[in-house]
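Written out below as structure tokens is the structure these notes cover.
The values are calculated or read from the model by the stated rules, or taken from the named source; none is laboratory data. For clarity, every value in this text was computed on a predicted model and none was experimentally measured. Glycine also receives a Cβ, built like all others from the backbone with ideal geometry; neighbour counts cover every protein chain displayed. Areas reflect the complete protein model, heavy atoms only, side chains present, ligands, DNA and RNA absent. Shrake-Rupley method; radii C 1.70, N 1.55, O 1.52, S 1.80 Å.
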There are 2 protein chains.
Amino acid sequence: MAATGRIAIVGLGLIGGSLALALRRARPELAIIGVDVDPRALELALSERAIDAGYTLGAAPFDKCDLVVLATPAQALMELLPQVAARMRAGAILTDVCGAKEKLCNEAGLQMNAIFVGGHPMAGTEFRGFVAANPVLFARCTVALCPAVGGGDGRSRREAMETVRAVWTAAGARRLLEMNPEDHDRAVTYASHLPYLAATAIVDALTTSGDAAALARELAAGGFRDTTRLAGDGTLGGAAALNRFMPAAARTLADRLRTLADQIERDPDGLQRRLEQLAEERRLMLLPR
Amino acid sequence: MAATGRIAIVGLGLIGGSLALALRRARPELAIIGVDVDPRALELALSERAIDAGYTLGAAPFDKCDLVVLATPAQALMELLPQVAARMRAGAILTDVCGAKEKLCNEAGLQMNAIFVGGHPMAGTEFRGFVAANPVLFARCTVALCPAVGGGDGRSRREAMETVRAVWTAAGARRLLEMNPEDHDRAVTYASHLPYLAATAIVDALTTSGDAAALARELAAGGFRDTTRLAGDGTLGGAAALNRFMPAAARTLADRLRTLADQIERDPDGLQRRLEQLAEERRLMLLPR
């Protein structure tokens, strides 16, 4: 990315705010514009020098930016994408951080103005907003990137990919993985969206368990906090809802739970062996590579 | 507990081993006997002075102990309980650490020799065995205790409860909650067993997701590790299988997942509102009290 570049970040929440803070630290020469509907988020980001100037969406000078990063919740992001793309210079670079990529990349491919490189940093916490943002959120994280679509020719698209890679590398990412949007969405179904939905269903079960709920809260040890941590991120649901693989995956998970319920009643010994095996598979899965 | 007491811990895994280490530190005058089928666990516990002597089950001098703690996996614990109780002095105290209490307390109530006080420390990690044991595992944890059953009269049963409370307080527990076994099992259904089963089903879904699995592992960020942490504890399944509320709860969770899958397709906006609400309810639930 040119040392004199100007970048806009739309949505100064946990992800957008952290990206601004990380780039400010790693690339102090970069002009960073913040865009948010919440004036307090803009004020806070200005006061911490995460951004050089703050704008509402309508007033933002996207036509003067080399790169725009969309970092709003998923549903808003789908709606913003064509609006923002239309206001950018032809051949400027548009990217995003949404956890579902297929529908967004399809949408971005319908316009021929900005070059869109879909991105998804695998990082987050259960907290939200600029108040939770920090400059090391992306340290050592993996970022998924999808092939450029929309405007530009082959060469400018390759340069756009390099620019987006450089942004995430500057922000601290360790691994940049290029993949097509469909493969991405199928993978995050298991890596993120299904765990999220299950965590949410468990919180729902607990909050509606009547008399048992009060005692369950007393007895909920760290395991409950961890298992339901993803449920604390209400914005994940937006991405899960944009993921076309989710409904079928959730139904399959429901079938698995029914099978496990049957096994508790009919074959507890066989169940125990299978559970030990899954515990082992998880350990192997999480071994550092 | 008398300063000259002798205690036996059956099963020197994460929980039993940690209890031995914690009591050694807090009550150095206590004689601690370790019982395990694995000679390496006994050796390691002896070498760290967690226990004063190690025995196999057949050779253990339960008749010379004031208190015996059963800390084996759940299924073995159900089988051991009457055998160990029969070998104890009449009126000596038997307790356990199992995560399901109703069936165990019923079993213990069938004998009239030892006084049985069911216990369940709300602590654990995803690691297992004495190699994972540590003297602060129970620091600030909550322990559920069930009313004494089996041998003894009203007074000796009250004293037995005080003794078991003193053991856990010495081990570092912050809150001791007395409750009946049925209430306990219903509560841990939501606090622990259902989250465990869901975590396991997700690991199962991922390991059998074919082509998506490899990429999903690459993209699995901290959220996946946390959400499935409980699945790493293969022994939790034993307790879940002893919990009579589990099959119905697992089926209800399956129904919830199906409803969520339908909502992704039919009412993503309503779903998003509900998910934000559940994220908020979880936050309130986990607020320190």
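Computed quantities for the displayed model
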read-out: Given charges at beta-carbon only (K, R positive; D, E negative), |dipole| of the protein assembly as shown in Debye; value: 980 debye
read-out: Charge sum, other residues only, whose C-beta stays under 12 Å from A:Gly16's C-beta, Lys/Arg counted +1 and Asp/Glu -1; value: -2
read-out: Rough spin-label spacing in nm, given labels placed 7 Å along Cα→Cβ, for B:Arg49 and A:Asn134; value: 3.8 nm
read-out: Selection from A:Pro247, A:Leu257, A:Met285, by position along the positive dipole direction of the stretch A:243-289 (Cβ); value: A:Pro247
read-out: Inter-copy label distances at A:Glu159 (7 Å, Cα→Cβ; nm, one decimal); value: 8.8
read-out: The stretch B:1-82: equivalent-ellipsoid semi-axes (sqrt of 5 x gyration tensor eigenvalues, Cα, Å); value: 18, 15, 12
read-out: Sites matching trypsin sites (Lys or Arg not before Pro) across the stretch A:168-209 that sit in DSSP coil, with at most 16 neighbouring C-beta atoms within 10 Å; value: A:Arg174
read-out: Coil-residue GluC sites (Glu not before Pro) of the stretch A:1-99, DSSP, other Cβ within 10 Å capped at 15; value: A:Glu29, A:Glu48
read-out: Accessible area buried between chains B and A, both sides summed, probe 1.4 Å, in Å² to nearest 100; value: 8000 Å²
read-out: Copies compared at B:Glu182 - label distances in nm, ascending, label defined 7 Å from Cα in the Cβ direction; value: 5.5
read-out: Residue with peak Gaussian network fluctuation, chain B [Cα springs, cutoff 10 Å], from B:Ala261, B:Ala160, B:Ala241; value: B:Ala261
read-out: Reachable lysines from B:Lys64, criterion Cα separation under 28 angstrom, eight or more residues apart if same chain; value: B:Lys101, B:Lys103
read-out: Average accessible surface area per residue within the stretch A:106-201, 1.4 Å rolling probe, Å²; value: 38 Å²
read-out: For A:119-127, mean number of other protein chain Cβ atoms within 10 Å; value: 3
read-out: Net charge, B:Glu265 excluded, C-beta distance under 13 Å - Lys, Arg +1, Asp, Glu -1; value: +1
read-out: Of all accessible heavy-atom area on the stretch A:124-165, the percent that carbon and sulfur account for (1.4 Å); value: 53 percent
read-out: Averaged over A:261-272, number of beta-carbon atoms from partner chains that fall within 10 Å; value: 5
read-out: Carbon and sulfur %, accessible surface of the stretch A:197-289 computed with the full protein complex present, 1.4 Å; value: 51 percent
read-out: Å² per residue, accessible surface of the stretch A:47-101 at 1.4 Å; value: 40 Å²
read-out: Exercise: per-residue mean of other protein chain Cβ atoms within 10 Å, B:207-216; value: 6
read-out: log₁₀ of I(q)/I(0) at q = 0.10, 0.11, 0.15 Å⁻¹ - chain B, Debye sum with one point per alpha carbon; value: -0.59, -0.69, -1.14
read-out: Using a 7 Å Cα-to-Cβ projection, B:Asn106 label spacings across copies, nm, ascending; value: 5.3
read-out: Whole-Hz ³J(HN,Hα) from phi, Karplus 6.51 cos²θ - 1.76 cosθ + 1.60, for the stretch A:30-37, glycine and proline x; value: 6, 8, 10, 9, x, 10, 7, 6
read-out: Quotient of C-alpha Rg and 2.2 N^0.38 Å, computed over the stretch A:87-182; value: 1.10
read-out: Estimated D of the stretch B:131-178 in µm² per second, where Rh is the Kirkwood radius over Cα pairs and Stokes-Einstein applies at 20 °C, 1.002 mPa s; value: 182 µm²/s
read-out: Cα-based Kirkwood hydrodynamic radius, the protein assembly as shown, one decimal, Å; value: 25.7 Å
read-out: Local electrostatic count at A:Gly152 - Lys and Arg +1, Asp and Glu -1, tallied over other residues with Cβ under 14 Å; value: 0
read-out: Where labels lie 7 Å past Cα in the beta-carbon direction, separation of B:Asp38 and A:Glu159 in nm; value: 6.1 nm
read-out: 14 Å tail of the calculated P(r), the stretch B:160-234, as % of Cα pairs; value: 72 percent
